[in-house]
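Encoded as structure tokens, the structure appears first; notes follow it.
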Amino acid sequence: MEKAIVIMSTYNGEHYIREQIDTILNQKDVNVSLIVRDDGSSDNTPAILREYSSRFNNITPIFQQNTGCKKSFFLAAKAASALDGGYFAFSDQDDFWMPDKLSTAIDRIKQAELSNHSIPLLYFCAPEIVDKDLNPIGKTWNNSHYLSFEEALMAQPCAGCTMVFNRKALELFLLGNPDKMSMHDSWMYKTVLACSGKVIEDPAPHIKYRQHGHNVIGTGSFASRWKRRFLNFTGNSCYRSGQAGAILETYSDMMPENTRETAYALSHYKKLGVSNKLKVMLNPSFKTKSVIHNLLFRTAILFNRF
């Protein structure tokens with residue numbers, strides 16, 4: 001039976017954490033260990049984690065001061081890397097995993113490893129979007145998934161709670177600097193593709209992705225999604241091209257030449273003149289299944305807001 005190590009960060013998650021942990025412990029056909037780092041919760045979450053760890057020897061809680069979501073996940077992943085096991089998964093504190101989530105993912109990853117065992121591999125499944133009581137709420141998850149490095153740079157690919165990955169991907173992830181990541185899951189996805197890895201897409205849902213109004217990152221309403229897009233244009237951070245630069249800085253020696261050139265062109269598009277900007281805008285690799293994303297990308301490049 002394969003071993004899977006689940007990486008969780010918690011913060012004031014007392015309402016749903018028991019149910020989430022129970023679904024992790026009830027995974028079938030997998031030997032599961034759970035590393036959970038509490039990010040300075042002020043509610044009953046630490047007490048719940050201590051209770052579970054006293055009952056189950058495969059749960060390791062880590063109690064530390066607040067660092068924020070992305071760094072908390074990074075620190076939990078670093079702790080998980082010290083454990084024996086070949087497969088890992090990110091977990092939120094408030095979802096509901098179906099019993100075959102991990103076994104399905106590991107089977108798919110193992111199939112890919114038969115052809116090349118040395119590359120980073122990342123699996124993700126479609127989530128079923130539900131309300132706080134796990135009732136389907138009729139929202140359709142965006143299925144315009146981004147299976148190339150260029151596409152992944154254009155838009156947030158998939159939720160971290162749907163990801164399962166091999167040790168090669170984890171080792172790659174841990175070379176990064178959490179202070180330069182927009183989010184832990186986005187960094188994982190982009191770096192796997194940047195370094196000649198493979199992303200495995202599963203259109204079947206194996207997780208209920210709970211939306212309850214307090215999610216750190218969620219599907220959000222139509223209005224909230226467009227608000228985020230608007231802020232990308234009005235803000236000054238240009239974090240998306242910054243992510244390309246940070247990936248290039250960290251992984252340049254591991255990236256194939258064409259990927260390095262893509263990351264360099266995108267991260268320097270404002271500094272190398274109009275010709276480089278046009279080159280980026282007209283590059284056919286920067287194209288997703290979403291016409292809106294394609295238009296927003298080119299508009300953001302044009303107005304120096306990417």
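Some points to look at:
- Full extension of the chain between L174 and S148 yields a length gain of 7.2 nm, computed as 0.36 nm times the residue separation minus the alpha carbon distance.
- Extent along principal axes [Cα atoms of region 28-126; Å; largest to smallest]: 47, 27, 26
- Per residue accessible area of the chain, 1.4 Å probe, in Å²: 46 Å²
- Estimated [θ] at 222 nm from DSSP helical runs (n ≥ 4, -39500 (n - 2.57)) normalised by residues in the chain, nearest 500: -12500 deg cm²/dmol
- Rounded accessible area of K110 (nearest 10 Å², 1.4 Å probe): 80 Å²
- DSSP beta bridge pairing in the chain, given as percent antiparallel to the nearest 5: 25 percent
- Take the Cα of K289, step 7 Å toward its Cβ, do the same at H117, and the gap between the two points is 3.4 nm.
- Taken over the alpha carbons of region 54-179 as equal point scatterers, the Debye sum produces base-10 log I(q)/I(0) values at 0.13, 0.14, 0.22 Å⁻¹ of -0.66, -0.77, -1.61.
- In the structure shown, the pairs K3/K28; K101/K208; K168/K279; K180/K289; K78/K180; K78/K287 are assessed against 22 Å; a Cα-Cα span above that value is assigned to K168/K279; K180/K289; K78/K287.
The values are calculated or read from the model by the stated rules, or taken from the named source; none is laboratory data. All figures in this text were calculated on a predicted structure; none of them were measured in a lab. For neighbour counting, all protein chains shown are included, and Cβ atoms are generated from backbone atoms with ideal geometry for every residue, glycine included. Accessible surface is based on the protein model in full, side chains and every heavy atom, while ligands, DNA and RNA are left aside. Shrake-Rupley method; radii C 1.70, N 1.55, O 1.52, S 1.80 Å.
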